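Enquirer: What follows is a single structure, and I will ask about it in a moment.
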Amino acid sequence: MVEYTGIESNVKEKDGMKARRTTLQLVTIAILAGAACTGGPEPPPFKPVADVKQLMNAVIDPAADEIWDATGWIVTAQGEEERKPKNDEEWAAVRNDAIALTEAGNLLMMAPRAKDGGEWMQRSRELVDTGTAAWRAADAKDVQKLFDAGGEVYVACTNCHQKYIDEIVNAK
C-alpha cells in the first residue's frame with residue numbers, strides 16, 4: 001500500500017483556502033449589502049392627514065361618481081340617449097377625476113390607512129389600475145373605453161368593500 005500524504009495535505013490545504021475565500025466573499029457581500037441598504041436617501045416625510053373614511057368621502061366617491069356619470073345610455077319612451085362628455089372641458093374634468101381616483105389608490109396604501117399588507121394592497125392597486133384605465137380612456141376621448149373602465153372601477157370598489165366596508169364605515 002502506497003501512502004500519498006503529500007497529496008492529501010495539499011488537497012486539505014486547497015480545501016481550507018477555498019473555505020476561507022468563500023467566507024471572505026460572503027462577508028464582503030454582506031458588508032456591501034448592508035451599506036447599500038443604509039446609504040440611500042431617507043424616505044419622504046409623508047404626513048397622512050385624512051383617514052380612509054375621509055378619503056373615501058372627499059376624493060374617491062366623488063371621483064368615481066363622475067366617471068360613472070360621464071358615460072352611459074338612457075332608454076326612454078322617446079328613444080335612447082347617449083351620455084358622454086360633449087367638449088374638451090368635460091373630457092378634461094373626467095380625466096382629472098380619473099387622475100384623482102388613481103392617486104387615491106396610492107394614498108390608500110400608505111400607513112396608517114393600509115389595513116394589511118396583503119389583500120388591502122391588492123385592492124388598492126386595483127383602484128390605481130382601473131383609475132389609470134379611465135384616465136387613458138378620457139385622454140383618448142373614447143366613450144366606450146371610459147364606460148368599460150367605469151365598470152372596472154365599480155368591480156374594484158365592490159371587491160374592496162366586500163371585505164373592508166365595516167372597517168371603513170366604523171372608522172374613528
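Enquirer: Let me check I've understood the local charge: for Arg123, count other residues with C-beta under 11 angstrom from its C-beta, Lys and Arg +1, Asp and Glu -1. What total comes out?
Expert: Summing Lys/Arg as +1 and Asp/Glu as -1 gives -1.
Enquirer: Now for a separate question. Using 7 Å Cα-to-Cβ label points, what is the Ala114/Asp88 separation (nm, one decimal)?
Expert: Taking the simple label geometry, Ala114 and Asp88 are separated by 4.1 nm.
Enquirer: Evaluate the distance, in nm, between pseudo-label points positioned 7 Å from the Cα of Asp51 and of His161 along their respective Cα→Cβ axes.
Expert: 2.0 nm
Enquirer: Can you sort Asp129, Asp65 by how many other beta carbons sit within 10 Å, fewest first?
Expert: The fewest-first ordering by Cβ neighbours comes to Asp65, Asp129.
Enquirer: Round to the nearest 0.05 the FRET efficiency obtained for Glu81 and Glu103 when R0 = 25 Å and r is the Cβ-Cβ distance.
Expert: That pair, Glu81 with Glu103, gives E of 0.20.
Enquirer: What list of ³J(HN,Hα) values in whole Hz, one per residue of segment 108-119 in order, does the Karplus curve 6.51 cos²θ - 1.76 cosθ + 1.60 (θ = phi - 60°) give from phi, with Gly and Pro shown as x?
Expert: Whole-Hz 3J(HN,Hα) from phi for segment 108-119: 5, 7, 7, 5, x, 6, 4, 7, 6, x, x, 5.
Enquirer: Please list, ordered by chain and number, the residues whose modelled amide H lies under 5 Å from the amide H of Gly72; skip anything fewer than 5 residues away on the same chain.
Expert: Excluding prolines and chain starts, which carry no amide H, the hits are Arg83.
Enquirer: If contacts are Cα pairs under 8 angstrom and at least 6 residues apart, what is the relative contact order of segment 52-169 in percent?
Expert: Once divided by the residue count of segment 52-169, the mean separation gives 28 percent.
Enquirer: Something else about it: Got a sec to turn the phi values of segment 56-73 into Karplus ³J(HN,Hα) couplings, 6.51 cos²θ - 1.76 cosθ + 1.60 with θ = phi - 60°, whole Hz, x for Gly and Pro?
Expert: For segment 56-73, the Karplus-derived couplings read 4, 5, 8, 10, 5, 4, x, 5, 5, 4, 5, 5, 5, 7, 6, 9, x, 10 Hz, x marking Gly and Pro.
Quick note: the coordinates plus some simple rules give every number you see, no bench work behind them. Just so it is clear, the model here is predicted, and its values are computed rather than measured. When we count neighbours, we look across all protein chains shown, and the Cβ atoms used for this are built from the backbone with ideal geometry, even at glycine.
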